[in-house]
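The values are calculated or read from the model by the stated rules, or taken from the named source; none is laboratory data. Since the model is a prediction, treat every value here as computed from it, not as a measurement. Cβ placement follows ideal geometry from the backbone for every residue including glycine, while neighbour counts extend to all protein chains displayed. The area values use the complete protein model at the heavy-atom level, side chains included, leaving out ligands, DNA and RNA. Shrake-Rupley method; radii C 1.70, N 1.55, O 1.52, S 1.80 Å.
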Amino acid sequence: MDNWEIYYQTHAKGVGKELKGSPPLSFVSNGELLSDYRIYGSSGGVGDKTRNLFDAKNSTYGDGTFWSNAKNLIPNNSYYGSNVIDVTSGETITRSFTGTSGNYFMREDGSVESVFNPGSRENGATIIVPDDCIIYVFNIPNNLDPNTIQVVVGSQLPETYEPYGYKVPIVCGGTTTDIYLNEPLGENESISMNDTGLSIPTINGSNTLSVNTEVQPSKMYIKYGGSNNVNQSLMKYLEYKYKFAKE
């Protein structure tokens, strides 16, 4: 292999092309969004649980439950469905809404404790789970957008809304693109840009793409534009000479 072919292989051949491998992936880009990608799952599941404990998008207002005076969970048409979540005694729960009535907690022995809503603030109402309680039932106003409803452990909500499910943060070009999934990606599973509807930004020049999850993808495929820093006239000449030499 002579000098011109070495230069072509290292500078031109990979420009504006495709790349596949285990992250982190290194490539040279012209600063455009990735034109395509695919994330491949792995044993153990790729995707970390989001902080949101309540699946509002898959809940229907009017299909909720409530504790009766007999301490039984019964249907209640003033509640969202699945408005029952597991909690741990003593932990802090913060909601993105204030609700219109009480918070109800059940202990292992079946007894129920009602906790008065302490009021609201910019990031919602905060409640401390009573001693020995393991289940939380709450009321959600019926005029709320499901895409805004969050119930999280801790005293602060996430800076941006996180849906219920799993998150795959892809870091590239100095930015993080969060991809949300219903379930982690297992072996023989994958998702593409067509599935998510989200693209990923790059910077002009050298890029490193990484995936910020505990379990890493087995591999990733990306399609990207090449660097504007490369002499395009020289690249065209090298491509011509490379093609001519192979004929």
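In this calculation the C-beta distance from residue 192 to residue 111 is compared with R0 = 51 Å, giving a FRET efficiency of 0.55.
Taking a sphere under 12 Å around the Cβ of residue 43 and counting the other residues whose Cβ falls inside, with K and R at +1 and D and E at -1, yields a net charge of -2.
Computed from the C-beta positions of residue 144 and residue 203 and an R0 of 45 Å, the FRET efficiency is 0.70 to the nearest 0.05.
Coupling constants for the range 165-178 follow from the phi torsions by the Karplus curve (6.51 cos²θ - 1.76 cosθ + 1.60, θ = phi - 60°), and in residue order they are x, 10, 10, 10, x, 9, 9, 7, x, x, 10, 10, 10, 8 Hz; glycine and proline get x. The solvent-accessible area of residue 144, taken with every protein chain present and a 1.4 Å probe, is close to 50 Å². Remark: the residue 92-residue 182 segment gains 29.9 nm on full extension, using 0.36 nm per residue and subtracting the alpha carbon distance. The residues neighbouring residue 189, those whose beta-carbon lies less than 14 Å from its own, together hold a net charge of -1 under the Lys/Arg +1, Asp/Glu -1 convention. Seen from residue 146, the other residues with C-beta closer than 12 Å to its C-beta sum to a net charge of -1, counting Lys and Arg as +1 and Asp and Glu as -1. Once backbone amide H atoms are built at 1.01 Å from N, residue 179 has 168, 170 as its partners under 5 Å, excluding neighbours fewer than 5 places away on the same chain.
Legend: distances between Cα atoms for 20/57; 20/49; 49/219; 17/57; pairs beyond 29 Å are 20/57; 17/57. Residues in the range 192-199 carry Karplus couplings, in order, of 10, 4, 5, 6, 8, x, 10, 9 Hz; the curve used is 6.51 cos²θ - 1.76 cosθ + 1.60 with θ = phi - 60°, and Gly or Pro positions show x.
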